[in-house]
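The values are calculated or read from the model by the stated rules, or taken from the named source; none is laboratory data. Predicted, not measured: the structure shown is a model, and the values here were computed from it. Backbone-built Cβ (ideal geometry, glycine too); neighbour counts: all protein chains shown. Areas reflect the complete protein model, heavy atoms only, side chains present, ligands, DNA and RNA absent. Shrake-Rupley method; radii C 1.70, N 1.55, O 1.52, S 1.80 Å.
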Amino acid sequence: MKAMILAAGLGTRLQPLTNDRPKALVTVAGRTLLEIVLCRLRFFGVREVIVNTHHYAEMIVEYLKANHNFGMRIEVSRERELLETGGGLKKAAHFLSENLQEPFILHNVDVISTIDLGRMVRFHAEQNALATLAVQDRESSRSLLFDEQGRLCGRRARSAAKEEDKAELVRAAFGVQALGFCGIHVLSPQIFTKMNEEGAFSIIDAYLLLAAQGEKIVAFRADEYYWRDLGRPENVVQAERDVESGEILLF
């Protein structure tokens, strides 16, 4: 199985930790975020990975080389200009669509979790979905909306300043529920034939457009699992405490 790690972002929310390194090389309990994700993917049977880079790209290349690619086949997708999540994914299509029958995992480098990726892949196959998104029932400033069948139907943004929610439905739906996205996806390679966007674009925007067209993009409920966004220094500190307390074990 293959995977892609999204690691090209500037990591501005993580400053000052990213003043001299990419966010992928920020550490939690002595392990880089990139190593943590790679080791989790390897545990679940992933042997081939592509990592997109931009900010301090050469540091990531040298880091992987120094660690012998952690025993995996790893390709680096360099982005001269940031392509965002959707554009970065589309640039890696050559690597991820070599086997059109096998789904692949898309994983943000700056999240840590105990989500069972094997179970998520099986769920994706059972649902015969184009995309499966790990989500939790938790507070989020930007939530995705799913209908009673667990299919994507919109999104909701919360404005703290105005203390109001702005919901966007892309198709008619019943029993709509707002869920927080975990930055972990399972995708069928056929998605590359359905994304018409070019250049830099958001994968969430692409999902919403595809959902409006009737494509099956579904929720994988991950409420029972530990998950933390590591996009801010205080979150990294909390994750280190969680490792020390045994709340989460690193592979």
In this structure, is Arg228 among the basic types (Lys, Arg) and either open to solvent by less than 10 Å² (accessible area, probe 1.4 Å) or more than 20 Å from the chain's Cα centre (by Cα) (or both)?
no
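Quick grid of which residues meet (1) farther than 21 Å from Trp227 by Cα; (2) under 17 Å from the mean Cα position of the chain (by Cα); (3) among the basic types (Lys, Arg):
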{"residue": "Ala3", "(1), (2), (3)": "no, yes, no"}
{"residue": "Gly11", "(1), (2), (3)": "no, yes, no"}
{"residue": "Thr18", "(1), (2), (3)": "yes, no, no"}
{"residue": "Phe44", "(1), (2), (3)": "no, yes, no"}
{"residue": "Asn52", "(1), (2), (3)": "yes, yes, no"}
{"residue": "Glu62", "(1), (2), (3)": "yes, no, no"}
{"residue": "Ile74", "(1), (2), (3)": "yes, no, no"}
{"residue": "Ala93", "(1), (2), (3)": "yes, yes, no"}
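Select from segment 97-119 the residues that are over 13 Å from the mean Cα position of the chain (by Cα) and crowded, with 23+ Cβ neighbours inside 10 Å and list them in ascending order. Spell out how you get there, then give the answer.
Taking segment 97-119 as the starting set, the residues that turn out to be over 13 Å from the mean Cα position of the chain (by Cα) are 97-103, 114, 116, 118-119.
Listed by number, the list holds a single entry, Pro103.
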Scan segment 187-212 and report the pairs whose first residue is in contact (Cβ under 8 Å) with a residue 24 or more places away in the chain and assigned to a loop (DSSP other than H, G, I, E, B) and whose second residue is open to solvent by 50 Å² or more (accessible area, probe 1.4 Å) and of a type in the set (A, V, I, L, M, F, W, C), with Cβ atoms within less than 8 Å and a gap of 6+ or a chain change.
Ala200/Leu82
So in segment 120-132, with the set limited to residues that are part of a helix (DSSP H, G or I), farther than 15 Å from Val46 by Cα and not aromatic (Phe, Trp, Tyr), which one is least open to solvent (accessible area, probe 1.4 Å)?
His124
Tell me, which helices (runs of 4 or more DSSP H) wholly within segment 1-103 include 2 or more residues that are under 28 Å from Arg119 (Cβ atoms) and of a type in the set (Gly, Ala, Ser)?
84-91
Residue in segment 73-96 that is farthest from Asp205 (Cα to Cα), counting only those that are open to solvent by less than 20 Å² (accessible area, probe 1.4 Å) and in contact with an Asp or Glu (Cβ under 7 Å, 6 or more places away or on another chain)
Phe95
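Does Ala161 satisfy being open to solvent by 20 Å² or more (accessible area, probe 1.4 Å), modelled with pLDDT under 95, assigned to a loop (DSSP other than H, G, I, E, B) and touching a Leu at 6+ places or on another chain (Cβ under 8 Å)? Explain how you work it out, then say what you get.
Details: open to solvent by 20 Å² or more (accessible area, probe 1.4 Å): yes; modelled with pLDDT under 95: yes; assigned to a loop (DSSP other than H, G, I, E, B): yes; touching a Leu at 6+ places or on another chain (Cβ under 8 Å): no.
Taking the combined requirement at face value, the residue does not satisfy it.
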